[in-house]
Amino acid sequence: MKKSIKVIHTEWSDGWGGQEIRIINEILLLQELGIEIYLACREHSVIKKKAQENNINVYSLPFNGNTDIKTLLKLRRIIVLNKINILNSHSSKDTWVGGLAAKLAGIKFIRTRHLSIPIKKSRLNFINSLADYIFTTGESVRLEMIKSNRIDPKIIESIPTGIDSSKFDPKKISREKCRALFDIDSKDIVIGMVSVLRRFKRHDQFIKMARNVIDHNPTKNLKFLIAGEGPQRESIKNLISELNLNKNVHLLGHIEQVPELIKALDIFVLSSDSGEGVSQSLMQALMMGTAVISTNVGSTSDLYLDDNFMMIDVDSQSQLNRACNNLIFDEKLRQSYQNRSRSHVLKNFSNERMIEKITRVYDYLVQ
């Protein structure tokens, strides 16, 4: 690093998903390089608890809205008190408050855009234009912001979330032990999802696919696992019951043993219809050498090289059904995807690659 750098991340979200996980991991990796980092978030958020567990300097602020003046002034005071020189915002509300606080304090403002959902084109939605630099988690998000939000291409860069290649290493984990951990029989063919239980993840399509696949493969031992928590839990449970799948589809809740679960799977599915940059769970599954079916959502195509997984159209139940049936029927096809899935992700989407890009921007901004 060219000079001492101090960074504060802001996050309005109360939940715990890919976005929040990236923030914590990014902070921890940058701290290893000697960068002093703080987090400002809401009092009852999960990310605050995770930050405290990891000994990250954390401040609780309300972030009550885009025009929360009290939070803005408190945040400015924190910036000045700690001699912070970069603010990195993550959600919409904290981007407005954090961005304006950074400008008032005279420090650099980075906006990280995690979602692929387009930002409103209104000229009143000017906060992103005030950023000194913008990170997106996928190339399609970067191109959309340049096209629709008048962002200067020179100050916006796709920096997908990095994956810990040593943690997500299929050679380090026993498949038999992983299957025992999740009560999976050696004869079972297991299809799974790992995601927050939100509507745009389209668990409904995954469950309907389960019904279709079971009906088309009556002689096979099929098991479907859904890991994660979120606001759609009850509606997902109701659909499982409605389709008479309680014996086949299992809600695991939030789990910490993500590499172990993915290792236990035969097929990993990402069925999202929006909201993704480059999905962390998809990268993790590919890193683990798993056969993958994914919708072409957000910047998923950034991960696609040499037919390393099955990519289907967004919101196509028939394509999802067909892809899963094909992989269940053809074990050699599953194996071929498993053999090709890891290399591209390992080379381009590791933690090391992400931090290399971020620190280069930090050096550029703080000269």
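Observations on the structure shown:
- Looking across the stretch 194-204 at every residue that is among the aliphatic types (A, V, I, L, M) and surrounded by fewer than 24 Cβ atoms within 10 Å (Cβ to Cβ), the one that is modelled with the highest pLDDT is identified as Leu197.
- Enumeration of residues in the stretch 230-270 that are buried (at least 18 other Cβ atoms within 10 Å of the Cβ) and acidic (Asp, Glu): Glu260, Asp266
- Scan of the stretch 306-319 for residues that are in contact (Cβ under 8 Å) with a residue 24 or more places away in the chain and either within 14 Å of Met283 (Cβ to Cβ) or out of contact with any strand residue (DSSP E or B) (no Cβ under 6 Å at 6 or more places or on another chain) (or both), ordered by number: Asp306, Asp307, Asn308, Phe309, Asp315, Gln317
- Within the set Ser13, Ser45, Ser60, Ser91, the sole residue that is within 21 Å of Tyr362 (Cα to Cα), in contact with a strand residue (DSSP E or B) (Cβ under 9 Å, 6 or more places away or on another chain) and small (Gly, Ala, Ser) turns out to be Ser91.
- Residue list for the stretch 102-126, restricted to those being surrounded by 17 or more Cβ atoms within 10 Å (Cβ to Cβ), without any contact (Cβ under 8 Å) to a residue 40 or more places away in the chain and out of contact with any strand residue (DSSP E or B) (no Cβ under 7 Å at 6 or more places or on another chain): Ala105, Ile119
- Odd one out for Asp188 among (1) modelled with pLDDT under 95; (2) in contact with a Lys or Arg (Cβ under 6 Å, 6 or more places away or on another chain); (3) of a type in the set (Asp, Glu): (1)
- Only one of Ile155, Ile151 that is under 16 Å from Thr112 (Cα atoms), touching an Asp or Glu at 6+ places or on another chain (Cβ under 8 Å) and not small (Gly, Ala, Ser): Ile155
- Scanning the stretch 338-355 for residues being under 14 Å from Thr161 (Cβ atoms) and among the charged types (D, E, K, R) gives a total of 2.
- Under the condition of being part of a loop (DSSP other than H, G, I, E, B) and in contact with a Lys or Arg (Cβ under 9 Å, 6 or more places away or on another chain), the residues counted in the stretch 17-44 number 3.
The values are calculated or read from the model by the stated rules, or taken from the named source; none is laboratory data. Quantities reported herein were computed from a predicted structural model and do not represent experimental measurements. Reconstructed Cβ throughout: ideal geometry from the backbone, glycine too, with neighbour counts over all protein chains shown.
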